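Participant: So that we are looking at the same thing, I have put the structure below in structure tokens.
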Amino acid sequence: MNRLFSYFVLSASALASLSAPARLFPQGDPGAPIGGIWQGFATVAGSVQVPVTIRISGAGANLKASFLNGPAEHPDTTPASSVTFNGTHLVVSFDYFARKFEADLVGRTLTGTYGTAVASSLSKAAAPIPVTLNHVDRVTDPAAATNAPSISGSWEIATQSAKGESAWEFRVDPPLHDSPVIKTVIQRIDGDTGGLWGTWTGTSYTVGHFTAAGPALYAVTPASDGTLAVKSLLPPVHGPAPATWIARRPAEARKLNLLAPTDPSQQTTVKEPNAPFTFSFPDVTGKTVSNTDPRFRGKVVIIAIGGSWCPNCHDEAPFLVSLYRKFHPLGLEIVNLDFEQGDPATDTKRLQSFIAHYGITYPVLLAGTTDQLNEKIPQGVNLNCWPTSFFIGRDGRVKRTHAGFAGPGNTAGHEALEHDVTALVETLLAQPAPRHTAELVR
């Protein structure tokens, strides 16, 4: 699906209310070391500025860095894989996304770029994003205009997507404590945008983030008729200028006979529900792993289809790891069928880093490239989302599917999904294995 370093706090709403970096972010002590808080902007598409904050800690070989997004007191963090600094040149690597922030230190300013760590051998990579950061004393919430209207709760955006959707959910969480920062997210069938944080500018909320997957920036403008106009402020990688979507409360959408967002459990099905789900692919060491292997007989199995390039698959991985740790002793197996982009310059290292970063100990199988998805998983019907999970009972047959993943950016959706999936796994584990376990063959 299509979402960086020392701790980064991003608050896009400050863009509309304060344009000068010196006014938006306080200046720090010119004599401060590389460690500490660095704030500034990433300049996207030549002119659009997305606020960025990075916190660097440690020293020498123990340097650490993370992007922060969200309110200053409760930020969402994206830790780096490694950090190096030679006194003038900083490199912050996010190997699990095959990207890096590289900058030179002059005075108390870091000037550099964020982009791919290794040039693609198959296609022209996106141009690196220029980033300029200044050292500041502390992380602070951005300025916000007064009399911000409440838009909290669930909304729906009518659409006609390539995946057959008629609507997306747009969810808004209110500010926490005394912070003016709201949290928003767009939930599509294949996953969410990641959390989008920001403040009221006087006419709209400007919300966004800057994560290892890249930047996002949206304007959310309340209209007099009770709707919201939601518009991406960043140009798409391909295609025409971004559209302005209209978000309505669900009850109002029903009055207009607009369809609700697709149920993730109904997006993908299987051709023959009574047939065992089959797979046979090599793992990262080259050993072939198949559904007929003894370890899977009579077990509950989650087949997780994804790839290390997919932001929503990154959101899903920690949850799968926690499920495996909790339920593997009770008979749960998880198999990750990995589909990469076919770029040998980045695929292998990124996947290895993905596995290490999330502490994945269940099998990760090399199933193919993204364009081979339906060829390699022929039992799937309308299989077109990254990630997609198949929940298999002790008899080897698919009991449920789930398209996409509601990550932590969608607070309520994420909590509900974790609860529902955990309950499903417990239910499947409680069922006895067949006396003669179904033979799972191709």
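The values are calculated or read from the model by the stated rules, or taken from the named source; none is laboratory data. Predicted model, so just to flag it, every value in this text is computed and none were measured. FYI the Cβ positions are ideal-geometry reconstructions off the backbone, even for glycines, and counts take in every protein chain you see. Surface accessibility is based on the protein's heavy atoms, side chains included, excluding ligands, DNA and RNA. Shrake-Rupley method; radii C 1.70, N 1.55, O 1.52, S 1.80 Å.
Participant: How many residues does the stretch 320-342 contain that are out of contact with any Phe, Trp or Tyr (no Cβ under 9 Å at 6 or more places or on another chain), of a type outside the set (A, V, I, L, M, F, W, C) and either under 18 Å from Ala213 (Cβ atoms) or open to solvent by 20 Å² or more (accessible area, probe 1.4 Å) (or both)? Even if it seems obvious, please write down each step before you answer.
Facilitator: Our first condition is that a residue be out of contact with any Phe, Trp or Tyr (no Cβ under 9 Å at 6 or more places or on another chain); within the stretch 320-342, this holds for 322-323, 325-327, 329-331, 342.
Add one more test, that the residue is of a type outside the set (A, V, I, L, M, F, W, C), and what stays is 322, 325-326, 329, 331, 342.
Filter once more, keeping what is either under 18 Å from Ala213 (Cβ atoms) or open to solvent by 20 Å² or more (accessible area, probe 1.4 Å) (or both): 322, 325-326, 329, 342.
Here the count works out to 5.
Participant: I'm checking my understanding of the structure. Among residues of the stretch 73-92 that are open to solvent by 20 Å² or more (accessible area, probe 1.4 Å) and in contact with a Lys or Arg (Cβ under 8 Å, 6 or more places away or on another chain), which one is farthest from Asn410 (Cα to Cα)?
Facilitator: Of everything passing the filter in the stretch 73-92, Val91 is farthest from Asn410 (Cα to Cα).
Participant: Let me ask something else about it. Could you please let me know if Asp173 is surrounded by fewer than 24 Cβ atoms within 10 Å (Cβ to Cβ), more than 17 Å from Thr77 (Cβ to Cβ) and in contact with a strand residue (DSSP E or B) (Cβ under 9 Å, 6 or more places away or on another chain)? Even if it seems obvious, please write down each step before you answer.
Facilitator: Values: surrounded by fewer than 24 Cβ atoms within 10 Å (Cβ to Cβ): yes; more than 17 Å from Thr77 (Cβ to Cβ): yes; in contact with a strand residue (DSSP E or B) (Cβ under 9 Å, 6 or more places away or on another chain): yes.
Yes.
Participant: Now, a different point. Within the stretch 214-225, which residues are open to solvent by 10 Å² or more (accessible area, probe 1.4 Å) and in contact with a strand residue (DSSP E or B) (Cβ under 8 Å, 6 or more places away or on another chain)?
Facilitator: Filtering the stretch 214-225 down to residues open to solvent by 10 Å² or more (accessible area, probe 1.4 Å) leaves 215-216, 218-219, 221-225.
Within the stretch 214-225, Pro215, Ala216, Tyr218, Ala219, Thr221, Pro222, Ala223 meet the criteria.
Participant: Residue check, Leu373 against (1) open to solvent by less than 30 Å² (accessible area, probe 1.4 Å); (2) among the aliphatic types (A, V, I, L, M); (3) assigned to a strand (DSSP E or B), all met but one. Which one?
Facilitator: The failed condition is (3).
Participant: Can Gly226 be described as over 16 Å from the mean Cα position of the chain (by Cα) and either assigned to a loop (DSSP other than H, G, I, E, B) or under 26 Å from Thr116 (Cβ atoms) (or both)?
Facilitator: Taking the combined requirement at face value, the residue satisfies it.
Participant: Now for a separate question. Just give me the residues in the stretch 186-197 being touching a helix residue (DSSP H, G or I) at 6+ places or on another chain (Cβ under 8 Å) and in a strand (DSSP E or B), in sequence order.
Facilitator: Passing the criteria: Gln187, Gly191, Asp192.
Participant: Of the conditions (1) touching an Asp or Glu at 6+ places or on another chain (Cβ under 8 Å); (2) surrounded by 18 or more Cβ atoms within 10 Å (Cβ to Cβ); (3) not charged (D, E, K, R), Ala103 satisfies every one except a single condition; which number is it?
Facilitator: Only one criterion is unmet by Ala103, namely (1).
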